[in-house]
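*Asks:* Quick one: this structure, given as structure tokens, is what I'll be asking you about.
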Amino acid sequence: QSLTQKTSQRSSRVGTRSEQCYTMAEIDFLIIIGGYLSVCGGVKVATVEVDTLHLAAHTSDHFLSVTIDAGVIGEHLDPVQNFTPPRLLNMARLLAPAVWRLGGTSEDYIIFKHSTNAVQSRLGGDTAVLTANQWDKINCFSRDAGWHLIYGLNALLRTKEGRWDSTNAEQLLNYTSSKGYTVSWELGNEPDLFYEHPGPNVTAQQLAKDFKTLHSILNRFSNLSKASEPFRVKLAGPDTATLTRDNYFRDFLQELGNGIVDAVTWHQYYENGHTAKVKDFYNPDLLDGLIESLASAREMAKKYSPSSEIWLGETSSAYHGGAPNLSDTFIAGNL
């Protein structure tokens, strides 16, 4: 049966009871399936109409996707134990096709070492090592699970002049190209918050110039510069923490121009995980904040980078690792 027929039949069935009194459970059910509702006494009426003739939006096949904090590379990533268990791979395949982003704050403190031997993952301080062996296991897992990998390159490697030092990134790109891996790339995580972390601060204008450098480097590799269907994004950014802090997102796009990034990205969270309360998780004003963010992102992307897709690079109920006993419960499904 067509969706139109099913919707019509559902509306008809619901409508035959529109004069009766319903329990709250029944009311919730009726609203969800989209019919006609009249509460006993005729005081409240809710009508839901579904237009099945016009497409409102298209959801990517890769919609169900995940971010894994790059900190696992320096702290927990055993390339054999972490990515080879059959049970993990079987569960991951159920999400395919999916995107998995290996990034986060730690990505700006990771360097690549072209070595197949296991080495100490931490060099000292905040710097961690990604070995060729680990990179191989990451990409094999991605291939076997049917996931597409997006990796965040270290943006805090800087020259004396303040430009991005691409030397280490080029080593990783050379190795990736030689192995024939299919990877998409980002550069830096939440750059509008760099001033809060160890290392140099990077302006929006400078980061845009760095992205142009990365774009040029990717074009040197025939198998890295072109997107593979059906996943067309090869370079994404700037992955700001917000759309508004210091106008970083806007200034970045303005300096960058069109045709450099395939996807414009930012991060969105509803609440601070340290202070969030239960009532926040069903506050309509808070929930509707995403609508405003999406509209603002669309407007800026259309103006400065109209050929780019628009992505939420990270999103969840609360930042700072989530709200204890809330973000991991049923109520977080509202956000």
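*Asks:* Tell me the volume per residue, in Å³, of the convex hull enclosing the alpha carbons of region 134-184. Please list the in-between numbers first.
*Replies:* Values: hull volume 3.8 nm³, N = 51.
Value for region 134-184: 74 Å³ per residue.
*Asks:* Set the Förster radius R0 to 41 Å, insert the Cβ-Cβ distance between N258 and T329 as r into 1/(1 + (r/R0)^6), and round the FRET efficiency to 0.05.
*Replies:* Values: r = 43 Å, r/R0 = 1.04.
That gives a FRET efficiency of 0.45.
*Asks:* If you roll a 1.4 Å probe over the heavy atoms of the protein chains, what accessible area per residue do you get for region 211-335, in Å²?
*Replies:* Values: 6630 Å² over 125 residues.
Solvent-accessible surface per residue comes out at 53 Å².
*Asks:* Could I ask something else about it? Considering only protein heavy atoms and a 1.4 Å probe, what is the carbon-and-sulfur percentage of the accessible area of region 153-203? Write out the running numbers ahead of the final one.
*Replies:* Working: 1020 of 2240 Å².
Carbon with sulfur: 46 percent of the solvent-accessible area.
*Asks:* Let me ask something else about it. Protein chains only, probe 1.4 Å: how do H114, H148 rank by accessible area, largest first? Don't jump to the answer; show the numbers that get you there.
*Replies:* On the way: H114 130, H148 20 Å².
Highest to lowest solvent-accessible surface, that is H114, H148.
*Asks:* Gain in length, N223 to S115, computed as 0.36 nm per residue apart minus the alpha-carbon separation, to one decimal in nm? Spell out each step's value before the answer.
*Replies:* Working: separation 108, 0.36 × 108 = 38.88 nm, distance 2.23 nm.
Once the chain is fully extended between N223 and S115, it gains 36.6 nm.
*Asks:* Next question. Which three lengths, in whole Å and largest first, does region 161-226 cover when its Cα atoms are put on their principal axes?
*Replies:* Taking max minus min along each principal axis of the Cα atoms, region 161-226 gives 37, 19, 19 Å.
*Asks:* Sorted from largest down, give the three principal axis spans of the alpha carbons of region 177-335, whole angstrom values.
*Replies:* Result for region 177-335: principal-axis Cα extents of 52, 33, 33 Å.
*Asks:* Separate question: Sort F221, F112, F330 by heavy-atom solvent-accessible area, probe 1.4 angstrom, most to least.
*Replies:* Values: F221 30, F112 5, F330 195 Å².
Output order, biggest surface exposure first: F330, F221, F112.
*Asks:* Can you pull the percent of region 220-335's accessible area that's carbon plus sulfur, 1.4 Å probe, other chains left in place?
*Replies:* Numbers: 3110 of 6280 Å².
That share works out to 49 percent.
The values are calculated or read from the model by the stated rules, or taken from the named source; none is laboratory data. Everything numeric here is computed off the predicted structure, so don't read it as measured data. All Cβ positions, even for glycine, are placed from backbone atoms using ideal geometry, and neighbour counts span all protein chains on display. Ligands, DNA and RNA are excluded from the accessible area calculation, which covers all protein heavy atoms including side chains. Shrake-Rupley method; radii C 1.70, N 1.55, O 1.52, S 1.80 Å.
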